[in-house]
Amino acid sequence: MKMNNITFKPTVFWAWNSDMTDEELKSSLEWFYEQGIGGVFVHARAGLNIEYLGKRWFEAYKFVIEECKKKNIEVWIYDEQGWPSGFAGGLVSEYGEDYIIKHLCITSNFEEVDQSRIIASYKKVGENYQLAQLKEAELFIYYKVEPPYVDLLNPKVTDKFIEVTHEVYKKHFQHEFGRTIKGVFTDEPQIHVSSLAWSTEIESMFKKINGYDYLEKLPLLFMEENNENAKKYRYDYYKTVRYLFTQNYTRRISEWCSNNNLIFTGHFAGEEGLVIQAASNTGVMPHYEYMTLPGIDSLGNRLNAPLLMKQVQSVAAQWERKRILSETFACTGNGVSFQELKKIWGYHLSFGINYPCMSISMTSLGGIRKRDYPVFISNQQPWEKYFHYFSKWVENSGKLTMLGEYKADVLVISSINSTLYEKIFSLEQRIVSSNYRKVIEMLLNLQIQYDIGDELLIEKYGEIKNGLFKVNKGSYSIVLLPEQTGINIKTLELLKEFHSQGGIIIQFERFPEYLEGVKSDIPKKELTKIVSAVLQERERILEKYWLANQIERHVHIVDKYGKTIPNLIVKVNYDKGNLIFSVFNKSNNTIDGFIKINVSGSIFEIDIISNNKTSKTLYLNEKDTIGTLSIKSGELKFYKFSKD
């Protein structure tokens, strides 16, 4: 799992979608080498004319490994035929219904139900439903299966997936693990998107985690009512699902990779917002803990939501992982320009995401293949001779992100748990998500460097030490609480200890009304005693608080009046008293301003291609340094500040 020997050159999803002859393979690899592409994720794709994981597959794979050795190109195992990961192109699904993904359904019509799949039956007593015998029941909850995808809450499914996929690669190429073959990419593993996911594993784990039988109140999962009982049950059910998913899929794959000297990377379905996360994975951040090279998926010719970037950046920082992957450029279209690709990747780099897995490079464009989520990073393009210029920019800029150490001083408590109280895709969920998004984007706009703290990770790794709120290796002197439905007991206890040691706690809008799923006035009572301020979710108000309390921004980009310039993403790394920082302009206009640093020294702009440094210092005294900045729309720039 050596992370210090993976490339800074761009890599590609390499679509195997034809006969995969040696001639085709060699032609693609020659182009990759000539155009500065440093790695390939071998990806079975629509149009493949050889058997996935069959004899010819591994013959071709062996040929590729030998060619990549000559060219110093990395090889990565993509773990699926198509996506999402887990079913091994149907090989896992063939083992029967126990292995197939399941979701819950409800009906009052007994005739429409397959009786062998009834989980429980109920009758109404007063305002509630109680368990009842079938002949007395008026409500039936049952499950449906949706082959060919599989039940990733079940450990034997993951074990079978490993057996028919990972172990087969090991049989053929174990001697290349950690050498030419760097790791394994898992793609969009997920639970049923309705988030009415069900598994035979739920019963025992639900009782172990929550202390009661999940069947007692199962109808509450379907009810429109938004009372205390429904909120509590939904919270308990979804946190059980999340535990099963992280432990029975992600952790198991991670441990196999670790035991076999391979890097574990990839990304999960529905990472971009809280509502879709609640449905697809019940919270993505706990999965990143198990990824050596945590990753995301960034689609389209656009700047994706900051939350997508900040979640993975935060866990990477808390686990001191300096490389972050993004599957990127899919759906940008074949008309996308190099300048637009630079803008997209510059945006990634401004969050420290520095390992591009470009989607997608096509072996063949025959038939339906030409509609397979372009842009195509391939030798069929009219610009195929010039791609190396873009590759060099990617390589050099990625190396610059590694200078110094990223560190945030502010921790924002994630609101994902609050979405688990609410019905999936409900208005209430969207309100929680909207309030949270405002805080996430407001802090970026104010150039305040921060990480996100997931409450499950806080429960496992949170502690207060020397006046700092710690999440694993991350240390914070300020904690922000967005408006949320509930808070966990461990989080609240840590905040109380944090306050007693001098920590600053800021609450936005209303206090939480639930404690670990239960309606309670304790959060409000306790937080009222310890918060430093209760603020509205408005940039101007938070900016005034920051200035009034003299909370330092080590790099601050301002206009001629000294006011914060919006639409700039500023990331600061610390290097033995010096600063390495990047600035990205996400606006549609050129921005001119001033770089303000509250220490005396010199500011230099670093040229990404030549690495030459140009002085940007305008003024300095014993306490401050002021430099000039001019940055075009969509541009990324790097700077170094050296103390005098």
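The values are calculated or read from the model by the stated rules, or taken from the named source; none is laboratory data. Fair warning: this is a prediction, and the values are worked out from it, not measured in the lab. Here the Cβ positions follow ideal geometry from the backbone for every residue, glycine too, while neighbour counts run over all protein chains shown. All accessible areas refer to the heavy atoms of the entire protein, side chains included, with ligands and DNA or RNA removed. Shrake-Rupley method; radii C 1.70, N 1.55, O 1.52, S 1.80 Å.
Restrict the check to the stretch 311-323 and report whether at least one residue is closer than 21 Å to Phe390 by Cβ and at pLDDT 95 or above. There is at least one residue in the stretch 311-323 that is closer than 21 Å to Phe390 by Cβ and at pLDDT 95 or above. For the stretch 320-346, the set of residues classified as open to solvent by 10 Å² or more (accessible area, probe 1.4 Å) and not in a loop (DSSP other than H, G, I, E, B) consists of Glu327, Phe338, Gln339, Glu340, Lys342, Lys343, listed by residue number.
When you go through Asn304, Asn261 one by one, which is the residue that is more than 30 Å from Glu176 (Cα to Cα), touching a strand residue (DSSP E or B) at 6+ places or on another chain (Cβ under 6 Å) and in a loop (DSSP other than H, G, I, E, B)? Every option except Asn304 fails the conditions. Just to be sure before I move on: is Tyr461 more than 14 Å from Met285 (Cα to Cα) and modelled with pLDDT of 95 or more in the structure I sent? Criteria not met by Tyr461.
Among the residues making up the stretch 540-586, those that are more than 17 Å from Ala408 (Cβ to Cβ) and open to solvent by 70 Å² or more (accessible area, probe 1.4 Å) are Arg540, Lys544, Leu547, Ala548, Asn549, Gln550, Lys560, Tyr561, Lys563, Lys576. The lone criterion from (1) touching a residue at least 60 places away in the same chain (Cβ under 8 Å); (2) part of a helix (DSSP H, G or I) left unmet by Lys490 is number (1). Would you say Ile106 is within 27 Å of Leu244 (Cβ to Cβ) and open to solvent by less than 50 Å² (accessible area, probe 1.4 Å)? No; evaluated as a whole, the condition is false for this residue. Listed by first and then second residue, the pairs linking a residue in the stretch 165-182 that is hydroxyl-bearing (Ser, Thr, Tyr) to a residue that is part of a helix (DSSP H, G or I) and surrounded by 15 or more Cβ atoms within 10 Å (Cβ to Cβ), with Cβ atoms under 6 Å apart and 6 or more places separating them unless they lie on different chains, are Thr165/Ala88; Thr180/Ile65; Thr180/Cys68.
Identification of helices (runs of 4 or more DSSP H) wholly contained in the stretch 352-469 with 3 or more residues that are touching a residue at least 60 places away in the same chain (Cβ under 8 Å) and in contact with a strand residue (DSSP E or B) (Cβ under 8 Å, 6 or more places away or on another chain) yields 387-400, 427-445. Ala330 passes every criterion in (1) of a type in the set (Gly, Ala, Ser); (2) modelled with pLDDT under 95; (3) in contact with a Pro (Cβ under 9 Å, 6 or more places away or on another chain) apart from (2).
Within the stretch 112-156, the set of residues being hydroxyl-bearing (Ser, Thr, Tyr) and within 34 Å of the chain's Cα centre (by Cα) comprises Tyr142, Tyr143, Tyr149.
For the stretch 275-295, filtering for residues that are open to solvent by less than 10 Å² (accessible area, probe 1.4 Å) and closer than 21 Å to Val471 by Cα leaves 11. Considering the stretch 1-32, and only residues there that are of a type outside the set (A, V, I, L, M, F, W, C) and closer than 25 Å to Gly346 by Cβ, the residue that is surrounded by the fewest Cβ atoms within 10 Å (Cβ to Cβ) turns out to be Asn4. The one condition from (1) among the aliphatic types (A, V, I, L, M); (2) in contact with a His (Cβ under 8 Å, 6 or more places away or on another chain); (3) open to solvent by 10 Å² or more (accessible area, probe 1.4 Å) that Leu91 does not meet is (2).
Checked against the criterion of being acidic (Asp, Glu), open to solvent by 10 Å² or more (accessible area, probe 1.4 Å) and more than 27 Å from the chain's Cα centre (by Cα), the stretch 479-495 has at least one qualifying residue.
So, Lys423, is that one open to solvent by 30 Å² or more (accessible area, probe 1.4 Å), at pLDDT below 95 and within 30 Å of Lys519 (Cβ to Cβ) or not? Spelling it out, Lys423 is indeed open to solvent by 30 Å² or more (accessible area, probe 1.4 Å), at pLDDT below 95 and within 30 Å of Lys519 (Cβ to Cβ). Residues of the stretch 587-633 that are of a type in the set (D, E, K, R), within 36 Å of the chain's Cα centre (by Cα), open to solvent by 60 Å² or more (accessible area, probe 1.4 Å) and over 16 Å from Arg553 (Cα atoms): Asp592, Asp607, Lys613, Lys632. Of the helices (runs of 4 or more DSSP H) lying entirely inside the stretch 113-225, those carrying at least 1 residues that are at pLDDT 95 or above and crowded, with 21+ Cβ neighbours inside 10 Å are 155-161, 202-210. The single condition among (1) closer than 24 Å to Ser520 by Cβ; (2) assigned to a loop (DSSP other than H, G, I, E, B); (3) modelled with pLDDT under 95 that Glu272 does not satisfy is (1).
Reported count of residues in the stretch 634-644, each being modelled with pLDDT under 95, touching a Leu at 6+ places or on another chain (Cβ under 8 Å) and surrounded by 13 or more Cβ atoms within 10 Å (Cβ to Cβ), is 0.
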